[in-house]
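Colleague: Take a look at this one; I'll ask things after.
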Amino acid sequence: MVKVLILAAVLVAMTATAQENQEPCTFKPVGGSATILLQSTNLDPALELIWKLNNTKIFQRKRGKVSMGNESDVTKEGSLKLRNLQLQHAGLYEAEVYDTKGKQVICKEAMLCVMERVSRPMLNYSCDEDVVLTCHSDSQVGHVMFNWTRNSQVMEGEEGPTVTVPGRSGLGDMFSCLVWNKASAESSSNVTIACEDPTPSYTKDPSNLKSYRSNSSPAATSGNHLPLPSLGQFLQFYIFTFTLTTYF
């Protein structure tokens, strides 16, 4: 449900951007379909209807007889139906309608832009001092936009292919990324962050740290060194030796 809402928001953003920039194009993906509208009411089949792409005639019907194209290429309103769009279908479409006396009664233009579909992205992450998430897509970065979610909530301001989560605050959280252009959008699978704790266990418990240092001393870890005698043992040995020397 969240992904559907995000896709809807993306479509609204695409429409708003096109209106803001006054873009004349209707954007469609490769392999998609489009209908270029002529009018909202039925068109009299007796009228002559001509559709052109980049000034080349692609459909013509006069007095109900189709001389170029197929009857299924247009609707009853005279709108042009396009299927399995390819890049070469992009361009300026023109519709001309003439009455039975040859007088032009309708003239309409529309621009169609066809773009490659974005590929479904793959979301990976790395664990270091921070958690870095990367949204991989085969689509060209210069032609696509990114959006991110964290625990099904849109991450405001995150519109690049990578996201950095400070420290380990993202552990256990679920992330996904959305890749889109003006014609299509694809979302990654949800990924839950699970990083191993890089801090050694002995630093967490002081008693473990003391034990670690004691067990790491040379005397405790090496079997080739005898323990040194204490000062009292050394004095007892000296007095015993001196007494023997004096007696003999």
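The values are calculated or read from the model by the stated rules, or taken from the named source; none is laboratory data. None of these values were measured; they are calculated from a predicted model. No Cβ is skipped: glycine too gets one built from the backbone with ideal geometry, and neighbour counts run over all protein chains shown.
Colleague: Go through segment 150-159 and give me each residue that's loosely packed, with under 13 Cβ neighbours inside 10 Å and more than 17 Å from Ile193 (Cβ to Cβ).
Modeller: Going residue by residue through segment 150-159, those that are loosely packed, with under 13 Cβ neighbours inside 10 Å are 153, 156-157, 159.
Within segment 150-159, Glu156, Gly157, Glu159 qualify.
Colleague: Has segment 91-107 got any residue that is at positive phi and either in contact (Cβ under 8 Å) with a residue 60 or more places away in the chain or of a type in the set (D, E, K, R) (or both)?
Modeller: No, segment 91-107 contains no residue that is at positive phi and either in contact (Cβ under 8 Å) with a residue 60 or more places away in the chain or of a type in the set (D, E, K, R) (or both).
Colleague: Considering only residues that are of a type in the set (Gly, Ala, Ser) and at pLDDT 95 or above, look in segment 32-64 and name the one that is farthest from Ala110 (Cα to Cα). So that I can check it myself, show each step before the final result.
Modeller: Our first condition is that a residue be of a type in the set (Gly, Ala, Ser); within segment 32-64, this holds for 32-34, 40, 46, 64.
Pick out the ones that are also at pLDDT 95 or above and you get 32-34.
Numbers: Gly32: 17, Ser33: 15, Ala34: 12 Å.
That would be Gly32.
Colleague: Further question on the same structure: Testing Gln86 on (1) loosely packed, with under 13 Cβ neighbours inside 10 Å; (2) farther than 22 Å from Ala183 by Cα, one condition comes back false. Which one is that?
Modeller: If we test Gln86 against (1) loosely packed, with under 13 Cβ neighbours inside 10 Å; (2) farther than 22 Å from Ala183 by Cα, just (2) comes out false.
Colleague: Met155 - would you say it is free of Cβ contacts under 8 Å to residues at least 12 places away in the same chain and not assigned by TED's automatic domain parsing to the domain that holds Asp44?
Modeller: Answer is yes for this residue.
Colleague: Quick test of your reading of the structure: Cys107 fulfils all but one of (1) within 30 Å of Cys195 (Cβ to Cβ); (2) assigned to a strand (DSSP E or B). Name the failing condition by number.
Modeller: (1)
Results for (1) among the acidic types (Asp, Glu); (2) surrounded by 14 or more Cβ atoms within 10 Å (Cβ to Cβ), shown as yes or no for each residue.
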| residue | (1), (2) |
| --- | --- |
| Lys108 | no, yes |
| Asn124 | no, no |
| Cys135 | no, yes |
| Asp138 | yes, no |
| Val144 | no, yes |
| Trp148 | no, yes |
| Ser169 | no, no |
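Colleague: Also, I was wondering about something else. Those residues that are of a type outside the set (D, E, K, R), more than 18 Å from Cys25 (Cβ to Cβ) and surrounded by fewer than 17 Cβ atoms within 10 Å (Cβ to Cβ), I need them from segment 42-57; list them, please. Show your work before the answer.
Modeller: Going residue by residue through segment 42-57, those that are of a type outside the set (D, E, K, R) are 42-43, 45-47, 49-51, 53-56.
Keeping just the survivors that are more than 18 Å from Cys25 (Cβ to Cβ) gives 42-43, 45-47, 49-50, 56.
Residues satisfying the conditions are Asn42, Pro45, Ala46, Thr56.
Colleague: Select from segment 110-122 the residues that are within 24 Å of Ala34 (Cα to Cα) and surrounded by fewer than 19 Cβ atoms within 10 Å (Cβ to Cβ) and write down the one among them that is farthest from the chain's Cα centre (by Cα).
Modeller: Ala110
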